[in-house]
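What follows is a short report on a single structure.
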Amino acid sequence: MKQYIENIPKAELHIHIEGTFEPELLFKIAKRNNISIPFKSVDELRKAYEFDCLQDFLDIYYQGAKVLQTEEDFYDLTYTYFEKCAVQNVKHTEIMFDPQTHTERGVAFDTVINGISKACEAAQNNFGISSFLIMSYLRHMTEEEAFETLKQSLPYKDKIKAIGLDSSEKGNPPSKFQKVFEASIKEGYIPLAHAGEEGDADYIWEALDLLKIARIDHGNNALQDPELIQEIINRDIALTVCPLSNKALQVVPDLKNHPLKKMMDLGLKVTINSDDPAYFGGQVNQNYIEIQEALDLTKREIYQLAANSFQYSLLDEKDKVKNLQILTGYFQTH
Ligand code: HPA
Ligand code: ZN
């Protein structure tokens, strides 16, 4: 089964590029930029990755991101992630980045986007991996600040497919960003948002009805509300579920209690993703492997999850069909 998972073609739809920052690369870039970090070694830094909740994680995640300063840093970070995609049979990825984490510290928007998008082009050429970028607004900041980020992004519109909403969920409901989402949609960006990770089902309703999102990041708390579950199914919207993230941030007590299979059995369209793999103990394949073991998922269910990852990606129909045909060929012969 492990080998089956490793070899099956898949897409990753919920990944924060700043969350792929492994301690080894973090130390290397810190040294290159002459920045001192409050940890003596890679091991000591890794030991700090024990979280009680989302905020606990975010505090250390934003700390780590401060090391990133130059276009080369963003390129190296992103290219390193693609190298991991290549060995995991990830054929397509939709990468979130948080411009405000960087512009707030004086790093220019174009430094961030140029570094990341050059790595995306190199990955297409070197590995044949396709990708889209999702520019995420930080929900702990104001809507006005999100508007400023939207404005900064406009010269790079052709490099950005969608917008997202991440960071501290509780106390920062989707309604806070209704206007900036409306404006972003007018610019041609596809709206996505984290909802129902720590926030309740009403935050998911808001994200659907006010932000008009095309996909829900996490969405675990949809299970609180049968009417909401039906609405998500009716709208044919997928959830990007992140099992190891849910465990690390105590959204679920352990993987055996993870609602993924229940979601599938209810008819929800679910995908498997790593969220912030450097911090949560595993890349996307490790997420598949551990959740398969915990919930005793069948090969058909693994195939269904991989199929959802292409079907509910932002790829156009032609590319979806192409990827799904290869995937189905794999399923039929393994
Ligand atoms: N939730 C909210 N914001 C985030 C996350 C997450 O899991 N990862 C990075 N930013
Ligand atoms: Zn996330």
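The values are calculated or read from the model by the stated rules, or taken from the named source; none is laboratory data. Predicted model only: the values in this text are computed from it and were never measured. Methodologically, a virtual Cβ is constructed for each residue, glycine included, from the backbone with ideal geometry; neighbour enumeration extends over all protein chains shown. The area values use the complete protein model at the heavy-atom level, side chains included, leaving out ligands, DNA and RNA. Shrake-Rupley method; radii C 1.70, N 1.55, O 1.52, S 1.80 Å.
Just list whichever of Lys151/Lys186; Lys159/Lys186; Lys161/Lys261 have alpha carbons separated by over 20 Å in the model shown.
Lys161/Lys261
Tell me, what HN-Hα J-couplings in whole Hz come from the Karplus equation 6.51 cos²θ - 1.76 cosθ + 1.60 at θ = phi - 60° for each residue of the stretch 265-281, using x for Gly and Pro?
With the stated coefficients, the stretch 265-281 comes to 5, 6, x, 6, 8, 10, 10, 10, 8, 9, 6, 9, x, 5, 9, 10, x Hz.
Using the Cα centre of the stretch 2-324 as origin and beta-carbon charges of +1 (Lys, Arg) and -1 (Asp, Glu), tell me which of Pro155, Gln224, His140 is placed farthest towards the positive end of the dipole.
The one lying farthest along the dipole's positive direction is Pro155.
Probe radius 1.4 Å, ligands and nucleic acids ignored: give me the carbon and sulfur share of the accessible area of the chain as a rounded percent.
48
For a quick check of understanding: with a 1.4 angstrom probe and all protein chains in place, what accessible area in square angstrom does Ile37 have, to the nearest ten?
Surface open to solvent at Ile37 totals about 40 Å².
Can you find, among Ile302, Ile129, Ser41, the residue sitting farthest towards the positive end of the charge dipole of the stretch 2-324, where Lys and Arg contribute +1 and Asp and Glu -1 at Cβ?
So the residue we want is Ile129.
Can you tell me the FRET efficiency between Arg300 and Glu182 if r is taken as the Cβ-Cβ distance and R0 is 41 Å, rounded to the nearest 0.05?
Here the calculated transfer efficiency is 0.50.
In terms of the Cα gyration tensor, with a ≥ b ≥ c the square roots of its eigenvalues, is the stretch 1-130 rounded because a/c is under 1.5, prolate because a/b exceeds b/c, or oblate? It would help to have the intermediate numbers written out before the result.
Working: a/c = 1.82, a/b = 1.29, b/c = 1.41.
Oblate shape, in that a/c is at least 1.5 and b/c is the bigger or equal ratio.
Return the FRET efficiency for the residue pair Gln332, Lys157: r is the Cβ-Cβ distance, R0 is 41 Å, and the value is rounded to the nearest 0.05.
0.55
Taking amide H atoms as placed 1.01 Å from N in the peptide plane, list the residues 5 or more away in sequence, or in a different chain, whose amide H sits under 5 Å from that of Ala238.
The list, which skips near neighbours in sequence, is Ile216.
Exceeding 32 Å between C-alpha atoms, which entries from my cross-link table qualify? They are Lys179/Lys299; Lys118/Lys322; Lys40/Lys262.
Too far apart for the 32 Å limit: Lys179/Lys299; Lys40/Lys262.
Residue-wise, which Karplus ³J(HN,Hα) couplings in Hz belong to the stretch 151-162, taking 6.51 cos²θ - 1.76 cosθ + 1.60, θ = phi - 60°, and x for glycine or proline?
Result, ordered by residue: 4, 5, 7, 4, x, 10, 3, 5, 9, 10, 8, 8 Hz.
If packing is taken as the average number of other Cβ atoms within 10 Å across a peptide's residues, how do 236-242, 294-300 rank, most packed first?
Top of the packing list down: 236-242, 294-300.
Sort the chain into rounded, prolate or oblate with this rule: let a ≥ b ≥ c be the square roots of the eigenvalues of the Cα gyration tensor; rounded if a/c is under 1.5, and if a/c is not under 1.5, prolate when a/b is larger than b/c, oblate otherwise.
rounded
Among bridges DSSP assigns within the chain, what percent are antiparallel (round to 5)? Please list the in-between numbers first.
On the way: 0 of 29 bridges.
Given both bridge residues lie in the chain, the antiparallel proportion sits at roughly 0 percent.
Can you list the HN-Hα couplings for the stretch 5-12, worked out from phi with the Karplus curve (6.51, -1.76, 1.60; θ = phi - 60°), rounded to whole Hz and with x for Gly and Pro?
5, 4, 8, 6, x, 8, 10, 10
Quote the FRET efficiency, to the nearest 0.05, computed for Asn34 versus Arg235 with a Förster distance R0 of 35 Å and r equal to the Cβ-Cβ distance.
0.10
Considering only protein heavy atoms, with the full assembly of protein chains and a 1.4 angstrom probe, order Arg235, Arg215 by accessible area, largest first.
Arg235, Arg215
What dipole magnitude, in Debye to the nearest 20, does the stretch 2-324 give about its Cα centre under +1 on Lys/Arg Cβ and -1 on Asp/Glu Cβ?
Its charge dipole is roughly 860 debye.
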